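These notes are about the structure you will find just below.
The values are calculated or read from the model by the stated rules, or taken from the named source; none is laboratory data. Everything numeric in this text was worked out from a predicted model, so none of it was measured. Please note: Cβ atoms are built from the backbone with ideal geometry, for glycine as well, and neighbour counts cover all protein chains shown. Keep in mind that these areas ignore ligands, DNA and RNA; they rest on the heavy atoms of the full protein, side chains included. Shrake-Rupley method; radii C 1.70, N 1.55, O 1.52, S 1.80 Å.
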Amino acid sequence: MARIEKWPRSRRLLKRASHSLPYGVSSPFRAAAPVPLFFKGAEGARLWDVDGNEYIDFALAWGPLILGHRHPRMVEAMRTAASLPLAYGAQHELEPEVCERIQRLVPCAERIALTSSGSEAVQLAFRLARAQTGRTVILKFEGHYHGWMDSALVSYKATAEALGPRNAPRAVLGSLGQASNSAENMASSCWNDLDLLEDQFSRQGDRIAAVVMEPVLCNSGCLLPRDNYLGAVREICDRAGALLIFDEVITGFRMGLGGAQEAFGVIPDVATLGKALGGGVTISAVAGRAEIMQKIKPGRVAFGGTFNGNPLSLAGTRACLDTLAERNGDALRRANQAGERIIDAVRDTASRSGIGLTVTGFGAAFALHFTKREVIRDYRDTLEDDRDLLGRFIRQALHEGLYLLPDGRFYVSAAHSDRDVDEAIQAVNRALAHVATSDR
Ligand SMILES: Cc1ncc(COP(=O)(O)O)c(C=O)c1O
């Protein structure tokens, strides 16, 4: 049966925007949504599009909105900051105020450098690792995303064919126009596989400056590390004199106040932070051991940025961190508990209906995989997911009032109330029933 068009205004606006923005969007990742929607408002965990449809928001602007939309503390902080100077291009007191908070919360954060985007923070982390070790190669893992820059966009959404054999993985470029030698300074490995990593270190360990990873692989289906995997990688790095970099742009201030490093008790040399750090303002950071971070100074490790440490971003970040830190991290506990409730309910539905569905991740960041696999360890495993079924589920979920990321990921915030969770569970169940019974 033909559906009534729910998004005529969004479609018209996309058409209009496509005359002034490439593809009509500000990030092509966003164009992967079943319908690239235009929004006009949001509050808490609810979003409204320009056609007047309401959604429960599980995309949270791709992660930053850990307190939901328009949290009163954030609104107040931004109002006050807006009436003060927007930028100095020089030092001001909010810089140490925010960095001291990060020091208190994040175990590896002996010093912090403030940047504006996660992609940029990763560039600084790589440069620091090379400066510290005098080596060149950064070893990353398949399916892990560390931003869109030439030096990092390697072996992200590559095909199994391009990646080559598991025991001899190739570093695969991710974009047209990327410098053709970008992968020369990178090595790539399958995540969660210690034997393979040991093997790669035995062959070229003396060239590896750092191992970088998302400690929970959020960008390819929210996969958790195997028991003791992170600790073992830490040991391999130590033995070989390589640094360990955790890209905590997603896990930071989402998995817990101290990020994945605190949750798993494995402390990296350097971590990149972003997204939830600022609760929605433009901010990212590199946090690390003092000995490494102190290399940032004139004539040593070069680093800059017009908007580094700008007052507007730092005012929002301070409000976000203070709210998160209250009552010993109560906001994050609630976000994670809300997510756990949805995970439990989806698992329950899946097992009762017999639909091949595996849920991976943790409360505040999890993902649905339509697959017969019960255990998903790495990016290659996710290539067996039924993408067509996932696409139909996400589209149906949108009809049911759930706004999800285009890869089946759910982000949950402290603003998701019991009512939001109850409604979301019912909507997920209806969407699952729909895709289980409808024709392809
Ligand atoms: C783990 C991770 N690292 C780095 C980035 C890049 O951050 P940004 O989009 O702020 O440049 C992202 C973005 O999604 C990310 O998820």
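Taking into account only those residues within region 261-280 that are in a loop (DSSP other than H, G, I, E, B) and open to solvent by 30 Å² or more (accessible area, probe 1.4 Å), which is nearest to the ligand (Cβ to nearest atom)?
Checking each candidate, the answer is Gly280.
Take Gln294 and tell me if it is closer than 22 Å to Ile66 by Cα and either more than 13 Å from the ligand (Cβ to nearest atom) or open to solvent by 10 Å² or more (accessible area, probe 1.4 Å) (or both).
no
Condition test on Thr115, is it in contact with a helix residue (DSSP H, G or I) (Cβ under 9 Å, 6 or more places away or on another chain), modelled with pLDDT of 95 or more, of a type outside the set (A, V, I, L, M) and near the ligand (Cβ under 10 Å from one of its atoms)?
Numbers: in contact with a helix residue (DSSP H, G or I) (Cβ under 9 Å, 6 or more places away or on another chain): yes; modelled with pLDDT of 95 or more: yes; of a type outside the set (A, V, I, L, M): yes; near the ligand (Cβ under 10 Å from one of its atoms): yes.
Considered against the rule, which asks whether it is in contact with a helix residue (DSSP H, G or I) (Cβ under 9 Å, 6 or more places away or on another chain), modelled with pLDDT of 95 or more, of a type outside the set (A, V, I, L, M) and near the ligand (Cβ under 10 Å from one of its atoms), Thr115 comes out as yes.
Restricting attention to region 297-323, and to residues there that are under 21 Å from His146 (Cβ atoms) and part of a loop (DSSP other than H, G, I, E, B), which single residue is farthest from the ligand (Cβ to nearest atom)?
For region 297-323, the residue satisfying everything is Ala302.
Starting from region 218-233, keep only residues that are aromatic (Phe, Trp, Tyr), then list their pairs with residues that are away from the ligand (no atom under 15 Å from the Cβ) and assigned to a loop (DSSP other than H, G, I, E, B) whose Cβ atoms are within a distance under 6 Å, requiring at least 6 positions of separation or different chains.
Tyr229/Asn192
Restricting to region 146-163, what's the tally of residues that are within 13 Å of Tyr379 (Cβ to Cβ) and part of a loop (DSSP other than H, G, I, E, B)? It would help to see each step written out before you state the result.
The first filter runs over region 146-163 and keeps only residues within 13 Å of Tyr379 (Cβ to Cβ), leaving 154-160, 162-163.
Among the residues that remain, those that are also part of a loop (DSSP other than H, G, I, E, B) are: 155-159.
Qualifying residue count for the region: 5.
Being part of a loop (DSSP other than H, G, I, E, B) and under 21 Å from the mean Cα position of the chain (by Cα) is the filter here, so list the residues in region 8-36 that pass it.
Across region 8-36, the qualifying residues are Val25, Ser26, Ser27, Ala33, Pro34, Pro36.
Take region 201-220 and flag every residue that is near the ligand (Cβ under 10 Å from one of its atoms) and either open to solvent by less than 10 Å² (accessible area, probe 1.4 Å) or more than 21 Å from Met255 (Cβ to Cβ) (or both).
Within region 201-220, Val212, Met213, Glu214, Pro215, Val216, Leu217, Cys218 qualify.
Has region 63-76 got at least one residue that is outside any loop (DSSP other than H, G, I, E, B), closer than 14 Å to Thr282 by Cα and in contact (Cβ under 8 Å) with a residue 60 or more places away in the chain?
To start, the set of residues in region 63-76 that are outside any loop (DSSP other than H, G, I, E, B) comprises 69, 72-76.
Next, only the ones that are closer than 14 Å to Thr282 by Cα stay: 74.
Adding the requirement that they be in contact (Cβ under 8 Å) with a residue 60 or more places away in the chain leaves 74.
Looking for residues that are outside any loop (DSSP other than H, G, I, E, B), closer than 14 Å to Thr282 by Cα and in contact (Cβ under 8 Å) with a residue 60 or more places away in the chain, one finds at least one in region 63-76, hence yes.
If Val375 passes every condition in (1) touching a Cys at 6+ places or on another chain (Cβ under 6 Å); (2) assigned to a loop (DSSP other than H, G, I, E, B) but one, which one does it miss?
(1)
Is it true that Arg395 is open to solvent by 10 Å² or more (accessible area, probe 1.4 Å) and under 16 Å from Val35 (Cα atoms)? Spell out the reasoning first.
On the way: open to solvent by 10 Å² or more (accessible area, probe 1.4 Å): yes; under 16 Å from Val35 (Cα atoms): yes.
For Arg395, the condition - open to solvent by 10 Å² or more (accessible area, probe 1.4 Å) and under 16 Å from Val35 (Cα atoms) - is met.
Output the number of the condition that Ile102 fails; it satisfies all remaining conditions of (1) surrounded by 19 or more Cβ atoms within 10 Å (Cβ to Cβ); (2) touching a residue at least 60 places away in the same chain (Cβ under 8 Å); (3) not assigned by TED's automatic domain parsing to the domain that holds Gly316.
(3)
Those residues that are in contact with a helix residue (DSSP H, G or I) (Cβ under 6 Å, 6 or more places away or on another chain) and surrounded by 22 or more Cβ atoms within 10 Å (Cβ to Cβ), I need them from region 30-48; list them, please.
Those that are in contact with a helix residue (DSSP H, G or I) (Cβ under 6 Å, 6 or more places away or on another chain) and surrounded by 22 or more Cβ atoms within 10 Å (Cβ to Cβ): Leu37, Ala45.
For residues that are of a type in the set (A, V, I, L, M, F, W, C) and either surrounded by fewer than 24 Cβ atoms within 10 Å (Cβ to Cβ) or in contact (Cβ under 8 Å) with a residue 60 or more places away in the chain (or both), scanning just region 235-245, find the one that is farthest from the ligand (Cβ to nearest atom).
Result: Ala240.
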